[in-house]
Structures are given as C-alpha cells and as structure tokens.
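The structure under discussion is supplied below as structure tokens; questions concerning it will follow.
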Amino acid sequence: MNDQSVIESRQVTKKYGKGESEFTALDNINLVIKKGESVAIVGKSGSGKSTLMHVLALLDQPTQGSVIIEGANASSFNSRSLDVMRNKKFGFVFQQFFLNGNDTVLNNVILPLKIAGISRKKRNILGMQSLEQVELTNKAKSKAVELSGGQKQRVCIARALINQPSIIFADEPTGNLDSQTGKAVEDLLFRLNKEQGITLILVTHDIEIANRCDREIHIVDGKLTNESSK
Amino acid sequence: MNFTDLISTASSSLFKSKVRTLLTIIAIFIGAMTITLTNGIGTGIKSYLNKQIGDLGATNVLQIQLTNTTKYGPGSGNTGPAPYNPKQQVAISAGNGPRGKKQLLMNNTDIQTIKSIPNITSAIPVHPLSPAYMMGRSGKYQLSIQEQYGSTTAALLAGLGVNNQSNQNQMIIPATYVSALGYSNNQSILGQQITIGINNALGKQSTIKATVTGVEQNALIGGLGAFANSALANQIYQVQSVGLPPAISDSFTTVEATFPANLTNTQINQLTTELKNKGFTGQTIKDQENTIFTALNVIIIVLDMFGVIALLAASFGIINTLLMSVQERTKEIGLMKALGMSPRKIFTLFSIEAVMIGFWGSILGVAFAALIGKVVNTIGSHGFLKDFKGLSLLTFPLSTILAVVIGIMLIAFLAGTLPAIRASKKDPIEALRYE
C-alpha cells in the first residue's frame, strides 16, 4: 500500500441553521485517507457520520475548512467540476439501494455512464463487465424490482464500479440485509478494495463490519474521538 | 447525458405513468384539434372566396358611391341631424341595412366628375333591375338579375358568359333555375329564349325575350341570381322606368367604373384617394373581399379563443402532471445529481417531458382534425355542400399545422419550466434521505 493521500479533510466544520437554532454537525474534522485504504466511519445516528461522508463525497459543502481530493482543493471547484468529479472518481452504495425498479438491471448499472454521455454500445459492454464482477450477468435483462435484497445491493455495487472509481462511498451498505446476505455484500466490497485497490469509505454503526476495515474513525457529536488503526 | 439519452429517458419516464400522461395529452389534444379545425374552416372558406372573386366581377372595377358623412338619419348618433343641402338628393333605406340609413343619390354630373379622374376608363350607373317574373317553357317564377360588368369569368357549368358588346339580349342563369324554367339539364337550356315580364311605374306589364348563353354554378357570394349583358340590362331598366320622372329615373346610388387592369396597388390607392377628395367612396372587388375577410377573421379569432382556453387549461394540466412526477421521482433526481448530473441537464430532462406532452397532444390533435376535415369534406361535397362546387370546407395548409404544433410545444415548454426548475433545484442529500 502506498502512502499517497486520496482524500483529506482539513479543519472541516459544518453548521446548520443560524443564531439560536445553530447546530454544529461537524466540528473541526482533520482526516487523511490514503489510496487503497478501507476506512469505517463509525458513530450513532445523529453523530454526524453521514454528514462527514456527504462532505467527503462532495455532495455537501463544509461551512469552514476544505476537502482535498487527490491533492486538489474541492472548494476551488465550480459546481460543474464537482458533478464531473463525483461522476468520474466516486462510486456510491446506499442503504436503500436507490435502484429504478421498473428498469432493467443493466440500465441501472450503466446510469453513471449515461450521465457522463458515453455511447450506448460502450456503456453496455462496460455494464456487463461490471455485472460480471458481482456475478449477476444472468440478471442483466431482469427488472431491478424482481431481485432479492442481496442481489439489489450487488447491482448497486456494480453501478458504483462501472466508472472505475478511485473511491467507493458505502452508506450502511448492509443495513437493509439479513446477516448472511450482508456478509456476502461485505466480502464483495472488501475483495474489490483488496484486489483492485479501490479506496473504501464505509459509514456504519455495525461494529463487526467496522472491525474488518484497515481503520475505524469514531465520531461523536460531530467530533472525532479515538481513531483506531490496525 | 447526451441528447438522445435525454429524449429516451424523458420518454420512458412519461410513459411509466400511462394514465396520467394520457389524460394530460388528451387535454392538449382537444385544444390542438379545436384550433386546427377553426383555422381549417377559415382557410377553406377564404380560399374558396378567392376562387369566387372571378365570379363576383372583374378586379379592375370600382364600385363608387357618394361618401356618406352622416351615416344615419335624424335623431340618431351623437352628431345630430345634418344640415340641409338642396343640391344633395337622399334616399332613406327602409329595407337592407340599418333602418333610416341614408344613401346619397348620384346623377350624370357625378358620372362626368368620375370620368374626369385620371386612369378611369369608363363609368356607368348601376340601375337596380326589378323584373316581375321569368318564364321558360311553363310557369312564372321570380327573377333576381343584375348587370354583368367587365370581363367577368363566372364559374360556368355549361355554355359561355354574356357578351356586353352584343345587341342581343343575353343572360346566364344559376343551375338552380334550370328545372323551374322547364329544362331537364344544363346543356338543354343553352340558346333557349326566356320570357321576362316587367312592370313599369304606371303599373302596366310588358315582356321581353332574352337568350340563355350559360349556366353558372352556385356560389357562396354574388352568384345568387342571374346576370344580364348590357343590352338586356338597359332594356329591362328602360321598360321598368317608363312613367318615372327623369329626376328619379336618371338618379342612382352606385356607379361602376373601370380602370386599366395593369395598375399597381399604389396607383389604385392613388385613384381611390382622388375619388375621396372629390367626395366619392370607391371600392374594388378586392376591398369588398377584404371586408368579408375581416368579418371572417373576427369569427375565426373568436372560435380560436375556445381552443386557446382549452390549451390554457391543458397547460395547467402539464404543470400539475410534472409537479407530481417531480415529487414522485425525488429519489431518482437525487441519485442522478449525486452521480454527477448537472442541474441544467435535470431541467432539460423535465422540459423535454413537457414538450413531449405538447408534441404528442398537438400531433394527435392535428391528425384527428385533418381526419375530421377529410370526412366532412367528403360527406359535404355529396350532401350539404354540393351546391358549392369547389368548396373544401376544411383546408389545412402545412404552415398552419406546423405553427399549431410548434406553438403548442412552446406553450408546453413554458408550462414545464416551473416543475423543471423545481426538479433542478432538488438537493441530492435531502432527496436521498427522503422516504
């Protein structure tokens, strides 16, 4: 593993509201995540772990401080560049899947490439390759709604993989799955992390899955507490 | 997302909720159909009238009357009664037009004045012809007849037009007169003599003969009676005027003047201005046509308003449909934004959906209107319109159809802006948290 930083947060503070009702969701977070690392952001609900992920994933802007992606300061980007950055560099896996149920599995997987404006032919080839990695090529033509929970999350992973991202953000990826299928999804994510060197940033309150990561970042009331590294 | 993907994504989203989309399209459909039909009728009648102008009279003819400065009789209007002018003769209309409307009478002095105007080649008084009856092989029937001026080319079903140079009494009759005059078809009456009975001012009745040279088709305007050549018209007028004092028999309300056919519009305008300066009002056939067209346009605009109201209601349908769609697809929009779709593209996506509703609604509406037009024209030409040969009641020029479709797509786009802006402003974090 090399020591190159892929994503950094420098004194990131995020506040909501004004005056009396002001609420600090993130309080002066300093964090460096290296290329190929797997990092768990652990905390109770309302601790600010999702907000931290949103800020790191450039879905949200910090009130103060800055996020550095591969050495570039994201606060200097315009909104178009932020869109392109998320489209090209990041993969997202959500707890609620966010699949278009009436559309085919393949069409769900190729959505990031469609947004990027890649031709139909090329994106279908890449989509099938992506489905191969999650062993769901036989379901390519099925409607997403017909799949089981575990299969749906694997489709989401295939979608996250399709743009060959440098980072995958996974927000409670096993939260909606039973322990057995959850384990399979976990295995898949960690295998991609190890085999392809994709940086994995996992948001979870599940201690077991957090333990499998290279590093755990604990967050309480918007502040980092003990960081444990193995 | 490239343009084809935007179109296909918009299209598949639209037809995901089929019933809702279909109902919105139907609303647009009704508006598009109404506008197309009303315009189709307008265009159909106008093009028919244009064809009929030749039947109405030559285009190088001016109908001239004395300019009537006070239009109505005493006691009406805001200006009060006009001062008495011993030189001006007035006929008060009790029949046609507003009761009490004055028509100023002209005499030979006026003819001389008109003839003195440059570019006027001839000026003849128009005498109302009021024969008592016509008779063919059997039976007496009322006859409506007027003099044929200039080189008119009436739409003839049989025979030839009348010859104004001829000394012979000639007339052309509408097709509907043929059987009343005792003939079985249009051909058989050609060259036959018709007896015309005329009452003079002393109550004495006498008859003259005229030859039928042609049979005209029934026209929407102008062609409701027979046409006489100059010889016949003069003779009828002479006979009916017997016993009238010269001051009356030599006065008339209208003069028919001709000008060279090659005059430009500017020259014609100069001519009418010159007439105006001398106290006359001159109208060409084109002017009369324009008067009819103006009235027709008003009617069409009123009818179009119904279509516009339908479209206005329909555009609120589009707003409603798309707002519901934006609400339902909050997560989808959020996901697309998280995965890097720009707000501008989201706006475009929803705008395309709106425009597509407009497109399908208007295309179907226009197509259905065209179908109705075809059916009505086919039925009409064999039924209620068969007396109007050459009339396509509904005509749809491509330019009108395109204007309707593009106009409605524009309205749909405008209706779609509110939902599209709302969609483009969705915060992906909020949207993805939304349950």
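What helices (runs of 4 or more DSSP H) lie completely within segment B:220-298 and have 2 or more residues being assigned by TED's automatic domain parsing to the domain that holds residue B:110 and touching a residue at least 12 places away in the same chain (Cβ under 8 Å)?
Of the helices (runs of 4 or more DSSP H) lying wholly inside segment B:220-298, those with at least 2 residues that are assigned by TED's automatic domain parsing to the domain that holds residue B:110 and touching a residue at least 12 places away in the same chain (Cβ under 8 Å) span B:230-241.
Separate question: Can you find a residue in segment B:372-388 that is assigned to a loop (DSSP other than H, G, I, E, B), among the charged types (D, E, K, R) and either within 14 Å of chain A (Cβ to nearest Cβ) or surrounded by fewer than 18 Cβ atoms within 10 Å (Cβ to Cβ) (or both)?
yes
When you go through (1) within 14 Å of another protein chain (Cβ to nearest Cβ); (2) at pLDDT below 80; (3) assigned to a helix (DSSP H, G or I) one by one for residue B:435, which number turns out not to apply?
It fails just one condition, (3).
State yes or no: is residue A:26 open to solvent by 10 Å² or more (accessible area, probe 1.4 Å) and either in a strand (DSSP E or B) or at pLDDT 90 or above (or both)?
no
While we're on this one: Of everything in segment A:88-127, what is polar (S, T, N, Q), closer than 21 Å to residue A:200 by Cα and at the interface with chain B (Cβ under 9 Å from one of its Cβ atoms)? Give them in sequence order.
Correct list: A:96 only.
Next question, about the same structure. Restricting to segment B:322-334, name every residue that is over 21 Å from residue A:111 (Cβ atoms) and open to solvent by less than 10 Å² (accessible area, probe 1.4 Å).
Residue satisfying the conditions is B:322 alone.
Restricting attention to segment B:326-347, which residues are in contact (Cβ under 8 Å) with a residue 24 or more places away in the chain and away from every other protein chain (no Cβ under 14 Å)?
Hit for segment B:326-347 is B:326, nothing else.
For residue A:32, are the conditions met, namely being open to solvent by 50 Å² or more (accessible area, probe 1.4 Å), within 14 Å of chain B (Cβ to nearest Cβ) and either within 19 Å of the chain's Cα centre (by Cα) or within 20 Å of residue A:161 (Cβ to Cβ) (or both)?
No.
One residue is enough: does segment B:261-271 have a residue meeting the conditions of a type in the set (A, V, I, L, M, F, W, C), exposed (fewer than 13 other Cβ atoms within 10 Å of the Cβ) and over 30 Å from residue B:121 (Cβ atoms)?
No, segment B:261-271 contains no residue that is of a type in the set (A, V, I, L, M, F, W, C), exposed (fewer than 13 other Cβ atoms within 10 Å of the Cβ) and over 30 Å from residue B:121 (Cβ atoms).
Could you tell me which residue of segment B:336-360 is surrounded by the fewest Cβ atoms within 10 Å (Cβ to Cβ), considering only residues that are small (Gly, Ala, Ser) and under 18 Å from residue A:77 (Cβ atoms)?
B:342
The values are calculated or read from the model by the stated rules, or taken from the named source; none is laboratory data. Keep in mind it's a predicted model, so treat the numbers as computed, not measured. We place every Cβ from the backbone using ideal geometry, glycine too, and count neighbours over all the protein chains shown. Side chains included, ligands, DNA and RNA excluded: accessible areas come from the protein's heavy atoms. Shrake-Rupley method; radii C 1.70, N 1.55, O 1.52, S 1.80 Å.
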